[in-house]
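Encoded as structure tokens, the structure appears first; notes follow it.
The values are calculated or read from the model by the stated rules, or taken from the named source; none is laboratory data. As the structure is a prediction and not an experimental result, all values here were calculated from the model. Glycine also receives a Cβ, built like all others from the backbone with ideal geometry; neighbour counts cover every protein chain displayed. For the accessible areas, the whole protein counts, side chains as well, though only heavy atoms, and no ligand, DNA or RNA atoms are used. Shrake-Rupley method; radii C 1.70, N 1.55, O 1.52, S 1.80 Å.
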Amino acid sequence: MENRPASLVAVFPTRTVPVTVTGRRCSLRCAHCGGRYLEKMIPCDEVRDAIQKRGATSVLLSGGCDPDGKVPVLENLDGLKSILPGVKVNIHPGLVGEERAARIARIAQVISLDFIQDEKAIEMAFGRRFTARDYLESYRYLRKYAGDKLVPHVLVGIRGGEMGREYETVETLAGEGLSSLVFIVFIPTPGTRWAGLTPPSVTDVAKLIAWAREKLPHVTLSLGCMRPGGRYRRELDQLAVLAGVDKIVFPSREASQQAEELGLDVLRQEECCAFPWASGESDTRREQGTVAPETSHGARIRDRVRPGGGREDRASGPGFNTSKRWNDSEDLFRNLQVGVSLGTAVVLGFSRVKTGCLPMTGYFSIGERCVRDCSFCPRARSSTARGDLISRVTWPSFPWKEVLSRLSSSNSATHLSRICFQLVESRRTMPACLEVLKEIRSSSTFLRRIPVSVSASPYSVARVRALFEAGASRVGLPLDAANPEVYARVKGGDLRKAWEVLTDAAKLFPGRVSTHFIAGLGETEEEMVEAMARALEAGVTVALFSFTPVQGTGLEKLGPPPVSTYRRIQIALYLLKKGVGIQDFRFSDGRIAEIRCSDRIEKVEAELLKGKAFQTTGCPGCNRPYYNERPGGVMMNYPWELSALEARQCISSSGLVRRRGSLVLEVDAGEDEALEDRSV
């Protein structure tokens, strides 16, 4: 069974009534809670009415703790005896002894236990009343009598918002045995002693979830209701989806959309997340190509399963030693392999292949097979192409430690002005990239200063922020397609959402966000020019690729775009960057028919004759040799400065000629010799 679940369960626990058996009373008054969370719970004498009003099918029995850390649920059952037989019961017992554990197990369908293995955190939050051993013994007693009905909850940031021994806590649970685990996150709550503190970073929480996903592949992981709201929640929820969480309570809209873009079925649960989804936990991990059954409490939000169920059958990323925590740098990188473009491999001394042009940027990839299924990509989920290709370039894999060592050499410093990481999306890719970035920034002086770009799918602004925080200089969010129909057909997903992420990121990080488009996927020249103009207007750096068919991909039989079409789009992009507006373009049947330059025509002519319009576009220092062409063939993107002859040939092949104050499409492609005298 693959680690990535085939679905995301969106939990809206409207059919579970939260009950406090102590009212607002709590003897502990912990630093992070202070009894404030009891205020919104239902007292025992109001439970019957609440069940009827909500149409509830379950209750959560909780309350304040006594001085021994026990929630007196058993002592307050008399008033609930007539109600409980008709509903399912989730009990939050606090610390227990063996006899108490046995009694609770006979009553409850689910038992939720806050589990802590951090002595410092216990002292900070509760004082010296308890020890990690008390929590472990309670867990063992409950596990003995309740088995898989026991659902531990781990509070991330229990040290007043700082990370403590959360990884060790999960490792302890893995050793004791569990079937479900709920992560909750510290909230600075008004009226408590820790009201003025801050929660842990969303990146740290997501990394913990991703690590737990790797370590506990068969355990249902939930992101519980207790977590900060607002932007924090939106960003964390999206990262949690990518990390491989099974359930999210009250998920953000962005997280649900992201799950659908990943090909996951988004299911609905209307009881507390600790209860199994619908008829059983196995339903959230159904077999490929099947659909989970409808139930009264587990209705599907999206009645669709993609081929392969959206699972990462081939989406294996770089290997990790999952017996160690991910913030242990030595263990994290022990087995990490990164792809190195062939030209970069020559620069670093991994290969002796002769090449006519070396890259000025070091190009690397993280991940192997992708969870997405872009029809043009050799790394796509359903692709049968060679697994070491990106476009037509070979990317052999090497150990990251060896790559890092060679990057630090003076020879690399001579050749490379930038490093670029291409993320092949999988559950492991993002955490690996964050660690790689941090190691680069903490290594040699040369690497600490070198610009680092990361190209990643436009899932969320949260990911963009996390990459910048880890040390990225620039983040590329490739749109690839210029119109919604082509995007849906070729990439899957919603182009509107991708545009939203791109433009929002550009606003938050001005001058540091890029995108690229691939000409030849089925769009018109007009659609391509409009998309490029829109991106530039939003402050996004735009790069241009020519579609290259690769055997084994979904578009292997589609030919590349005509050279004339690509040259016109290159000229359009260059002139848009130089200040020519979209209103200065005239189109006919989707093709560029005229570019009005007026009194700027002399300057435009001079600029185009320099040849820069036909060089590789992208981040500063990016020349990407032979990405879209074979050596000796037609150069779609020149990785070097063009000669005057090469520039004239490119202009000639565009079919555009100067007519007074405009460039006009006057001849068909193929009449290049006739164009020579009249072209700019």
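Taking Val353 as the residue in question, decide whether it is touching a Leu at 6+ places or on another chain (Cβ under 9 Å), of a type in the set (A, V, I, L, M) and at pLDDT 90 or above. Walk me through it before giving the result.
Numbers: touching a Leu at 6+ places or on another chain (Cβ under 9 Å): yes; of a type in the set (A, V, I, L, M): yes; at pLDDT 90 or above: no.
For Val353, the condition - touching a Leu at 6+ places or on another chain (Cβ under 9 Å), of a type in the set (A, V, I, L, M) and at pLDDT 90 or above - is not met.
Quick check on my filter: what residues within the stretch 494-505 are out of contact with any Pro (no Cβ under 9 Å at 6 or more places or on another chain) and either without any contact (Cβ under 8 Å) to a residue 40 or more places away in the chain or not charged (D, E, K, R) (or both)? So that I can check it myself, show each step before the final result.
We begin by selecting, within the stretch 494-505, every residue out of contact with any Pro (no Cβ under 9 Å at 6 or more places or on another chain); these are 503-504.
The answer is Thr503, and nothing else.
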I'm told Thr198 meets every condition in (1) more than 30 Å from Val501 (Cα to Cα); (2) of a type in the set (S, T, N, Q); (3) in a loop (DSSP other than H, G, I, E, B) except one. Can you identify the failing condition by its number? (1)
If the Cβ limit is 7 Å and pairs must be 6+ apart or interchain, which residue in the stretch 337-359 that is within 17 Å of Gln422 (Cβ to Cβ) pairs with which residue that is surrounded by fewer than 14 Cβ atoms within 10 Å (Cβ to Cβ) and among the hydrophobic types (A, V, I, L, M, F, W, C)? Leu342/Val353
Just a yes or no: is a residue in the stretch 534-544 crowded, with 21+ Cβ neighbours inside 10 Å, assigned to a loop (DSSP other than H, G, I, E, B) and touching a Gly at 6+ places or on another chain (Cβ under 8 Å)? no
Qualifying positions in the stretch 441-459 - touching a helix residue (DSSP H, G or I) at 6+ places or on another chain (Cβ under 7 Å) and open to solvent by 10 Å² or more (accessible area, probe 1.4 Å): Arg441, Ser443, Phe446, Arg448
Name the residue, out of Ile571, Ile592, that is crowded, with 21+ Cβ neighbours inside 10 Å and assigned to a strand (DSSP E or B). Ile592
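When only residues in the stretch 431-440 that are in contact with a helix residue (DSSP H, G or I) (Cβ under 6 Å, 6 or more places away or on another chain) and not β-branched (Val, Ile, Thr) count, which is surrounded by the most Cβ atoms within 10 Å (Cβ to Cβ)? Full working, then the answer.
Initially, the stretch 431-440 is screened for residues in contact with a helix residue (DSSP H, G or I) (Cβ under 6 Å, 6 or more places away or on another chain), giving 431, 434-435, 437-438, 440.
Retained after the next criterion (residues that are not β-branched (Val, Ile, Thr)): 431, 434-435, 437-438.
Working: Pro431: 28, Leu434: 23, Glu435: 21, Leu437: 22, Lys438: 15.
If we take residues in the stretch 431-440 being in contact with a helix residue (DSSP H, G or I) (Cβ under 6 Å, 6 or more places away or on another chain) and not β-branched (Val, Ile, Thr), then Pro431 is surrounded by the most Cβ atoms within 10 Å (Cβ to Cβ).
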Within the stretch 617-649, residues more than 32 Å from the chain's Cα centre (by Cα), surrounded by fewer than 16 Cβ atoms within 10 Å (Cβ to Cβ) and not β-branched (Val, Ile, Thr) come out as Arg630, Pro631, Gly632, Gly633, Trp640, Glu641, Ser643, Ala644, Leu645, Glu646
Picking from Asp237, Asp246, the residue that is free of Cβ contacts under 8 Å to residues at least 24 places away in the same chain, crowded, with 21+ Cβ neighbours inside 10 Å and closer than 25 Å to Cys374 by Cα would be Asp237
What about Gly559, is it in a loop (DSSP other than H, G, I, E, B), open to solvent by 20 Å² or more (accessible area, probe 1.4 Å) and either without any contact (Cβ under 8 Å) to a residue 12 or more places away in the chain or closer than 25 Å to Arg489 by Cα (or both)? yes
I want to confirm something. Restricting to the stretch 249-260 and keeping residues that are touching a helix residue (DSSP H, G or I) at 6+ places or on another chain (Cβ under 9 Å) and open to solvent by less than 10 Å² (accessible area, probe 1.4 Å), which single residue is modelled with the highest pLDDT? Ala255
A careful count of residues in the stretch 117-136 that are in a helix (DSSP H, G or I) and touching a residue at least 24 places away in the same chain (Cβ under 8 Å) gives 8
Show the residue pairs meeting these rules: Cβ distance below 6 Å; 6+ apart or different chains; first residue within the stretch 643-657 and closer than 13 Å to Ile571 by Cβ; second residue in a helix (DSSP H, G or I) and among the aromatic types (Phe, Trp, Tyr). Cys650/Phe614
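Tell me, please, whether a residue that is closer than 21 Å to Pro560 by Cβ and of a type in the set (Gly, Ala, Ser) can be found in the stretch 364-371. Give the steps one after another, and end with the answer.
Applying the first criterion (closer than 21 Å to Pro560 by Cβ) to the stretch 364-371 yields none.
No, because not a single residue in the stretch 364-371 is closer than 21 Å to Pro560 by Cβ and of a type in the set (Gly, Ala, Ser).
Identify, please: which residue in the stretch 207-234 is small (Gly, Ala, Ser) and open to solvent by less than 10 Å² (accessible area, probe 1.4 Å) and is, among those, farthest from the chain's Cα centre (by Cα)?
Keep residues of the stretch 207-234 that are small (Gly, Ala, Ser), which gives 210, 212, 222, 224, 229-230.
Checking the rest, the ones that are also open to solvent by less than 10 Å² (accessible area, probe 1.4 Å) come to 210, 212, 222, 224.
Values: Ala210: 11, Ala212: 16, Ser222: 17, Gly224: 19 Å.
Among residues in the stretch 207-234 that are small (Gly, Ala, Ser) and open to solvent by less than 10 Å² (accessible area, probe 1.4 Å), the one farthest from the chain's Cα centre (by Cα) is Gly224.
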Just checking, how many residues over the stretch 67-102 are closer than 20 Å to Arg24 by Cβ, open to solvent by less than 30 Å² (accessible area, probe 1.4 Å) and not hydrophobic (A, V, I, L, M, F, W, C)? 4
Filtering the stretch 466-482 down to residues that are modelled with pLDDT under 95 and surrounded by fewer than 21 Cβ atoms within 10 Å (Cβ to Cβ) yields Phe468, Glu469, Ala470, Gly471
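Quick check on my filter: what residues within the stretch 31-46 are open to solvent by 20 Å² or more (accessible area, probe 1.4 Å) and either on the phi > 0 side of the Ramachandran plot or in a loop (DSSP other than H, G, I, E, B) (or both)? It would help to see each step written out before you state the result.
We begin by selecting, within the stretch 31-46, every residue open to solvent by 20 Å² or more (accessible area, probe 1.4 Å); these are 32-33, 36-37, 39-46.
Correct list: His32, Cys33, Met41.
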When the stretch 104-153 is examined, which residues are found to be over 37 Å from the mean Cα position of the chain (by Cα), farther than 18 Å from Cys65 by Cβ and surrounded by 21 or more Cβ atoms within 10 Å (Cβ to Cβ)? Ala105
(1) part of a helix (DSSP H, G or I); (2) out of contact with any Lys or Arg (no Cβ under 6 Å at 6 or more places or on another chain): which one isn't true of Val151, the others all being true? (1)
